[in-house]
Amino acid sequence: MPAPCQNAPKQEKRGDAGVNLPDPDARAAALLDQMTLDEQIGILSGHMPLVMKPRPEGVQKSAGWVPGLERLGIPDLHETDASLGVSAAGRRDDAATALPCGLALAASWSLDLAREAGAMAGAEARAKGFNCLLAGGVNLTREPRNGRNFEYLGEDPLLAGKLAGAAIAGVQSNHIVSTIKHFALNDQETGRMVLSADMDEAAFRESDLLAFQIAIEDGDPGSVMCAYNRFRGTYASENPYLLTDVLRGDWGYKGWVMSDWGAVHGLAAANAGLDQQSGREFDRQPFFDDPLKAAVVAGEVSTARIREMAHRILRAMIACGAVDHPVSAGEPDLAAGATVARKAAETGIVLLKNDGVLPLSGVRSIAVIGGHADLGVLSGGGSSQVIPKGSARFDPPEGSPSWSAGVIYHPDAPLAAIRARAANVAVSFDDGTDPARAAAAAADADVAIVFAVEWATEGVDTTLVLPDGQDALIAAVAAAQPRTVVVLETGNPVLTPWLDQVSAVIEAWYPGSQGGEAIAAVLFGEAEPCGRLPITFPASADQLPHAKLPGSDLPIVNARGDTEPFDIDYAEGSDAGYRWFARTGHKPLFPFGFGLSYTTFAYADLRAEGGATATVSFEVANTGARAGTEVAQVYLEAAPGRSQQRLIGWARVSLEPGESRRVTVTAEPRLLADWEADLHGFRIAGGDYRLFVGPDAASPKLRATVTVEAAELGA
Ligand code: BGC
């Protein structure tokens with residue numbers, strides 16, 4: 001389904017040309033007819049206002065700015081990052097709402113929420129004078145130590161693709177452009193500027209590319225941002241296979257491809273399919289300015305290609321409404337933002353263990369420990385960093401990127417939110433720096449809540465181990481206090497060596513501007529935990545396709561933190577995440593899709609139908625005493641001639657105690673199909689498909705086999 005802005009009725013059209021033309025292509029063509037070659041080239045090159053000296057008047061500190069053309073009513077592009085709300089980009093103490101991170105949003109499994117979150121970020125961007133959001137991160141979690149996983153939407157192409165599409169549609173409902181990024185296979189930060197990713201084409205089409213394909217179909221983003229890395233030896237920014245064959249050829253994408261900041265290496269990019277150089281101050285040269293003109297004069301790049309590049313930019317800006325609905329800087333509606341941020345944070349919290357201590361009730365004293373819970377909630381770092389007013393900042397650890405804004409805690413302190421809900425309860429706080437002291441505080445209380453944090457940032461990868469001795473802290477507290485609750489604020493899976501010693505664990509991710517309130521609401525049972533993991537938590541690094549993070553043992557060769565170039569062979573192919581665990585039989589710490597509730601659910605009466613795809617319906621019942629929401633997941637388990645696990649659909653079902661409901665899930669047909677090189681498309685082999693329904697990827701509750709007809713689905 002196209003994003004609404006594409007189909008929105010055109011009102012009050014501006015611009016001197018093409019105003020009365022019906023479709024964006026015709027309007028773009030009419031504008032281009034009036035533009036000189038220099039003017040066309042002018043919109044192909046972007047700046048980074050954050051580092052511009054002097055910064056032009058009327059241009060805010062931000063990631064990107066592309067001058068428009070006033071005489072034709074083509075607005076400037078004002079670009080800012082927005083994986084998790086409008087990023088600060090040098091505007092410290094910004095008035096902006098921090099949404100929970102991408103993984104928290106993905107843990108909601110809710111397309112409505114993703115759309116709402118996107119719409120909120122888009123509305124704030126518009127109110128702050130931005131008309132292009134560098135949003136839509138949909139790189140799959142192949143590497144659970146990837147420092148940017150928190151910005152993305154997990155390991156499954158269907159879940160990530162659907163959520164990204166919904167979020168992009170939400171952004172663009174504000175008549176501004178959203179990107180989708182980073183195309184493709186920027187699946188780890190170590191060596192991102194130099195590594196070459198390799199994967200069998202069929203596997204690529206069935207996984208990482210499928211996530212982009214679904215999100216582009218659903219969200220119709222105006223722009224695609226290429227990745228930093230190489231694919232099969234060729235940089236993504238100049239990779240004809242990615243930018244031309246797949247994106248434009250197979251998928252018929254009509255928008256423009258912009259580079260990531262510092263990702264352009266030469267003019268080969270122009271002919272390969274890159275339409276716009278972003279943040280040219282970051283590249284070796286302003287390639288898409290004078291050098292591009294020279295290449296046109298030399299006949300190396302055709303004027304037709306220049307016109308096509310400019311056409312794609314203009315038609316997308318027109319289609320998204322950025323031309324007809326200009327932005328101007330003002331104040332965002334932070335109260336509206338807070339409502340969405342709170343809902344998203346609550347919905348994304350995942351209850352990983354609970355022996356009954358949660359929801360908290362009847363306690364007379366609580367020891368809150370660690371994680372700067374007195375200050376706020378942790379956020380992830382890098383270009384996506386949102387810094388709302390009142391955030392706390394710490395120096396980043398050694399080895400962090402030189403441009404890091406620091407370790408930022410968003411200003412919604414869990415300690416205050418807990419105290420507000422515990423009127424007659426003594427709530428103490430210990431910063432957790434001394435495990436013995438923390439354990440003593442815990443022993444004195446009825447219950448201990450330890451906040452454990454792991455910072456992640458763009459530019460470096462993490463480990464699976466909680467840093468700064470927090471495992472020892474938790475173990476010490478748990479030894480002193482049998483009722484210990486651990487609240488994780490992490491942007492990746494972590495190992496939990498203390499799991500058996502504690503009573504409850506919740507994964508709150510980086511929960512954003514309303515994180516403290518959301519965590520407290522779940523701890524006290526005002527909100528039901530209903531998040532489900534969008535990534536597998538491995539039991540050890542040895543279970544992963546790459547036990548050692550690729551490139552992590554190579555020496556750093558420059559100030560940017562690069563290593564020598566290296567290759568990553570993604571030999572697990574389309575079996576990333578839970579699919580890998582199903583294939584190898586490894587038992588994860590927590591499986592994909594997992595999450596507990598304060599109530600319990602039962603599944604019954606599966607009916608399944610084949611045909612062009614598979615459709616299943618089943619009853620979900622709330623068998624507990626509290627209202628709750630189940631995320632019922634449907635997986636392919638075996639197709640003709642092969643065992644292969646794949647999520648093919650899901651349903652979120654909110655039920656009152658004792659209530660049951662029949663839900664129907666229809667499989668996305670490409671998840672039943674294989675990519676076939678000879679056919680150059682997806683093919684469903686006709687035959688029997690075994691499916692299961694359950695609460696996570698490792699817990700089948702009901703099974704059925706359906707006969708699906710053979711079909712060729714195209715590229
Ligand atoms: C990131 C992009 C971001 C850009 C502009 C790069 O470092 O990879 O995701 O949009 O910076 O801030």
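The values are calculated or read from the model by the stated rules, or taken from the named source; none is laboratory data. What you see is a predicted model; the values in this text were computed from it and never measured. Counting neighbours? That spans all protein chains shown, and the Cβs are built from the backbone with ideal geometry, glycine included. To get the accessible areas, we keep the full protein, side chains included, count just its heavy atoms, and leave off ligands, DNA and RNA. Shrake-Rupley method; radii C 1.70, N 1.55, O 1.52, S 1.80 Å.
General remarks:
- The chain: C-alpha gyration tensor shape, a/c 1.5 cut-off, then a/b vs b/c: prolate
- What separates the Cα centres of region 627-644 and region 232-309 is a distance of 41 Å.
- Listed peptides 296-304, 664-672, 161-169, 570-578 appear in the order 161-169, 570-578, 664-672, 296-304 once ranked by packing, highest mean of other Cβ atoms within 10 Å at the front.
- Counting every pair of alpha carbons in region 258-325, the share spaced more than 19 Å apart comes to 36 percent.
- Of interest is the spacing of the C-alpha centroids, which for region 86-148 and region 684-706 amounts to 33 Å.
- For region 351-413, the list of trypsin sites (Lys or Arg not before Pro) that fall in a loop by DSSP and count at most 15 other C-beta atoms within 10 angstrom reads Arg364, Lys389.
- Rolling a 1.4 angstrom probe over the protein heavy atoms with all chains in place gives the chain an accessible area of 33 Å² per residue.
- For region 57-134, GluC sites (Glu not before Pro) are listed when DSSP marks them as loop and at most 15 other Cβ atoms sit within 10 Å of their Cβ; the list is Glu57.
- Sites listed here are GluC sites (Glu not before Pro) in region 370-458 whose DSSP assignment is loop and whose Cβ has at most 13 other Cβ atoms within 10 Å: Glu398.
- Using a probe radius of 1.4 angstrom, the carbon and sulfur fraction of the accessible surface of the chain is 51%.
- Share antiparallel - DSSP beta bridges, the chain, percent rounded to 5: 60 percent
- Excluding same-chain neighbours fewer than eight residues apart, the lysines reachable from Lys353 by a Cα-Cα span under 25 Å are Lys343, Lys587, Lys701.
- Calculated log₁₀ intensity ratio I(q)/I(0) where the Debye formula runs over C-alpha points of region 594-714, q = 0.14, 0.20, 0.22 Å⁻¹: -0.58, -0.99, -1.14
- Look at the alpha carbon pairs under 8 Å that are at least 6 residues apart: their mean separation over the length of region 483-549 gives a relative contact order of 32 percent.
- Beta bridges assigned by DSSP with both partners in region 24-320 are antiparallel in approximately 30 percent of cases.
- Helix content alone sets the calculated 222 nm mean residue ellipticity of the chain: runs of n ≥ 4 DSSP H residues at -39500 (n - 2.57) each, divided across all residues, give -7000 deg cm²/dmol.
- Debye log10 I(q)/I(0) at q = 0.08, 0.13 Å⁻¹ for region 24-320, Cα point scatterers: -0.30, -0.84
- Cα gyration tensor shape of region 419-525, rounded if a/c is under 1.5, else prolate or oblate by comparing a/b with b/c: oblate
- Scaling against 2.2 N^0.38 Å puts the C-alpha radius of gyration of region 349-523 at 0.98.
- Protection proxy ranking, highest mean first, for peptides 463-469, 337-343: 337-343, 463-469, where packing is the per-residue count of other beta-carbon atoms within 10 Å, averaged.
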